[in-house]
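Participant: What follows is a single structure, and I will ask about it in a moment.
Nothing in this text is a laboratory measurement; each read-out follows from the coordinates by a stated rule. None of the values given here were measured: they were computed from a predicted structure. Don't worry about glycine lacking a Cβ; one is built from the backbone with ideal geometry, like all the others, and counts go over all protein chains shown.
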Amino acid sequence: MNIKKRESTDWLLKQVFKAAGLVTIGLLAGIFLMLLYNSIAFFADVKPVDFFTGSQWDPESSTSKYGIAPLLVSTGLVTLGAMVIAIPLGIFTAAFLSELAHPKLKTILKPVIEMLAAIPSVAIGFLGIVLVGPGIAKIFGIQNGLNALNGSVLLAVMALPTVITISEDAINAVPHSHREASLALGANKWETLFKVTLPASLPGLIAAVMLGLGRALGETMTVLMATGNAAVLPKGFLDAVRTITATIAIEMGEVPYQTTHYFALFAIAVVLFLITLAINLLGEYFANRLRKFHA
Amino acid sequence: MNEIKLSAHNFNMYFGKKQILKNINIDFPKNQVTSLIGPSGCGKSTLLRSFNRMHDLSPDARIEGDIKLDTLNIYDKKTSVTELRKRIGMVFQKPNPLPKSIYENLSYALNIHSFSKTEIPGLIEKALKESYLWEEVKDELKKPAVKLSGGQQQRLCIARTVVLRPEVILMDEPCSALDPISTNKIEALIMSLKKDYTIVIVTHNMQQAQRISDKVAFMYLGELVEFDTCENVFKKPQKELTKNYVNGHFG
Ligand SMILES: Nc1ncnc2c1ncn2[C@@H]1O[C@H](COP(=O)(O)OP(=O)(O)O)[C@@H](O)[C@H]1O
Ligand SMILES: [Mg+2]
């Protein structure tokens, strides 16, 4: 009797977990299908070739241009810059926290870093307008500091807590016996960190980078406020840019319902979605390839 | 004949306020196997780890007295701990291959100590042969080391130590996680290694201690109770405590 009861509980719980998993997958699929459905309407009006190769995004003009390139390059620039700053800084901070920092310093630093994650993106946007932007303008001797570089710096700040926290977990999860093995062979602290501990935590570090990248790619408010909002093809980090997310946020509120312009915003959302998906799958693939070296 | 390779003099060791090792005086003869035996928690591992300064990592560890490798005082401020650990290798209780390939587990050690790129493959092959592992792994050196069996992993860890040509090899219960067949292989390996190396091994297994040791040190509650030839410790122990322990009356 008792066994039967346990088996039925077992069955029930299995179903609950399965359902929870399916809901997540269902949501993801639902969102994607909704975006896809609306963008199909867009591609009925505009040729995919024009969408992907056109160098102008100007839906309001009489000749309405729907080239995604300026937005895509903007998103790419800002995100790339953010990652170039956040990845090394984040991983080194994590390594410092887990391997070198005095326990007392650690108890101060960790909450500070976590607090960084709690700052609303609007506040970071302000910071970009009044502090970082003008700073960049001064350093590079340009008129206006609201540009891609400004966005990169701010997004790096926003991605850092994620990168640091996940990286630190990954580094901490490396068994102590690996470090001992390395040290007992006569390696010093640095050799052990760079040649054993960090490589051993690489799958986790990749996950950290992916999450940080996701944060940067998807961030809207900060880039909307601090990157100058010019939907023209940028030539470099010191040009004003407008990311995909900012474009959707700005234009969605004003665009007439179910027009080509309206559908176009779904199409660029699909592109962003696919980029995020591809990056995550790639990260997963590399992390799995590395995992076979672990017990 | 009985040249002393490694020795401790009036050696005390503390973790925080707690004294773990009490006035240890011991000499390890060159090219012999010395076993450290004693009940769990008596300080065998702690003593072993004092010889290659593994306690440097614990902030609350404190030592008094000295330990010498030949004439080098290993706790001297001028002694390089990385050089020391090249001369005194260590094999741990649980096999701990690095999460790298079989080959890289050995090349790592060699690269750290700047061996020339051209001699590395030869040194690796030699060490794997000496560790009775070559035949089993020679075709799959690129395979992750964790894919080996426990016994093979432990022999890899020994090979990784041997490849640096140390003078002393410390082993902390190297067979405790292994099956009897793997244990036999490791014991045979230890016997063949002693012609080139001075070996200090911690073991819980009395039969093993009798099979492989030249000398045996019995420790109890942080003190060195008896230190003599293997024969004497097991057949004619001087102390009542030693007799009770080797006859399995406690432990
Ligand atoms: N890092 C440490 N910090 C504090 N106490 C320790 C530490 N390592 C070992 N000890 C203590 O030292 C004593 C001896 O431990 P150990 O040398 O591991 O014994 P054995 O190897 O003989 O079983 C034990 O009481 C243990 O609790
Ligand atoms: Mg022990």
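Participant: May I ask for the Rg/Rh ratio of chain B, computed from Cα atoms with Rh as the Kirkwood radius, given to two decimals?
Facilitator: Dividing the radius of gyration by the Kirkwood radius yields 0.97.
Participant: Explain nothing, just the number: dipole magnitude of segment B:44-136 about its Cα centre with +1 on each Lys and Arg Cβ and -1 on each Asp and Glu Cβ, in debye rounded to the nearest 20.
Facilitator: It comes to approximately 220 debye.
Participant: Of A:Ile129, A:Ile31, A:Ile25, how do they rank once you tally other Cβ atoms within 10 Å and put the fewest first?
Facilitator: Lowest to highest Cβ neighbour count: A:Ile25, A:Ile31, A:Ile129.
Participant: For each pair in A:Lys104/B:Lys78; B:Lys195/B:Lys215; B:Lys126/B:Lys185, compute the distance between the two Cα atoms and list the pairs where it is over 21 Å.
Facilitator: Long pairs (Cα-Cα over 21 Å): A:Lys104/B:Lys78.
Participant: What value in Å³ per residue do you get for the convex hull of the alpha-carbon atoms in segment A:126-269?
Facilitator: So the per-residue Cα hull volume is 148 Å³.
Participant: Where both residues lie in the protein assembly as shown, what percent of DSSP beta bridges are antiparallel, nearest 5?
Facilitator: Of the beta bridges lying entirely in the protein assembly as shown, close to 60 percent run antiparallel.
Participant: Continuing with this model, one more query. Can you sort B:His9, A:His102 so the residue with the fewest Cβ neighbours within 10 Å comes first?
Facilitator: Fewest-to-most Cβ neighbours within 10 Å comes out as A:His102, B:His9.
Participant: Quick one: putting +1 on the C-beta of Lys and Arg, -1 on the C-beta of Asp and Glu, what dipole do you get for the protein assembly as shown around its Cα centre, in Debye to the nearest 20?
Facilitator: 1200
Participant: Top mean-square fluctuation among A:Ile68, A:Ile87, A:Ile279, Gaussian network model of chain A, C-alpha springs under 10 Å?
Facilitator: Judging by the Gaussian network model, the answer is A:Ile279.
Participant: Also, quick follow-up: Over 32 Å between C-alpha atoms is what I'm after, so list which of A:Lys189/B:Lys239; A:Lys110/B:Lys142; B:Lys5/B:Lys129 land there.
Facilitator: A:Lys189/B:Lys239; A:Lys110/B:Lys142
Participant: Residues with beta-carbon under 10 Å from that of B:Tyr75, excluding B:Tyr75: net charge, scoring Lys, Arg +1 and Asp, Glu -1?
Facilitator: -1
Participant: Given B:Pro237, A:Ile275, B:Gln32, which one lies farthest toward the positive end of the charge dipole of the protein assembly as shown, if we put +1 on the Cβ of every Lys and Arg and -1 on the Cβ of every Asp and Glu?
Facilitator: Farthest along the dipole direction, towards plus: B:Pro237.
Participant: Which value results for Rg/Rh of the protein assembly as shown when Rg is the Cα radius of gyration and Rh the Kirkwood radius based on the inverse mean 1/r?
Facilitator: 1.13
Participant: Next question, about the same structure. Hey, if you put +1 on the Cβ of every Lys and Arg and -1 on every Asp and Glu Cβ in chain A, which of A:His178, A:Thr75, A:Val157 ends up farthest toward the positive end of that dipole?
Facilitator: Selected residue: A:His178.
Participant: Do you know the relative contact order of chain B, to the nearest whole percent, from alpha carbon pairs under 8 angstrom that are 6+ apart?
Facilitator: Computed over chain B, the figure is 28 percent.
Participant: To continue, here is another question. Averaged across B:85-92, how many Cβ atoms of other chains sit within 10 Å of each residue's Cβ atom?
Facilitator: 3
Participant: To make sure I understand the rule: partners must be lysines, Cα under 17 Å from the Cα of A:Lys195, and not fewer than 8 residues away in the same chain. Which ones qualify?
Facilitator: B:Lys100
Participant: Can I ask one more? Pairs of Cα atoms under 8 Å, at least six residues apart: use those to get the relative contact order of chain A, whole percent.
Facilitator: 26
Participant: Fewest first, what order do A:Leu274, A:Leu217, B:Leu193 take by the number of other Cβ atoms within 10 Å?
Facilitator: Lowest count first: A:Leu274, B:Leu193, A:Leu217.
Participant: Still on this structure, please answer the following. What is chain A by shape, rounded, prolate or oblate, if you read a ≥ b ≥ c off the alpha carbon gyration tensor as root eigenvalues and call it rounded for a/c under 1.5, prolate for a/b larger than b/c, and oblate otherwise?
Facilitator: oblate
Participant: Then there's this: Under the definition of partner shielding as Cβ atoms of other protein chains within 10 Å of a residue Cβ, what is the mean value for peptide B:94-107?
Facilitator: 4
Participant: Give me log10 I(q)/I(0) at q = 0.13, 0.19, 0.23, 0.31 Å⁻¹ for segment A:1-44, Debye formula, one equal scatterer per alpha-carbon, no solvent.
Facilitator: Cα-only, vacuum Debye calculation for segment A:1-44: -0.49, -0.66, -0.76, -0.94.
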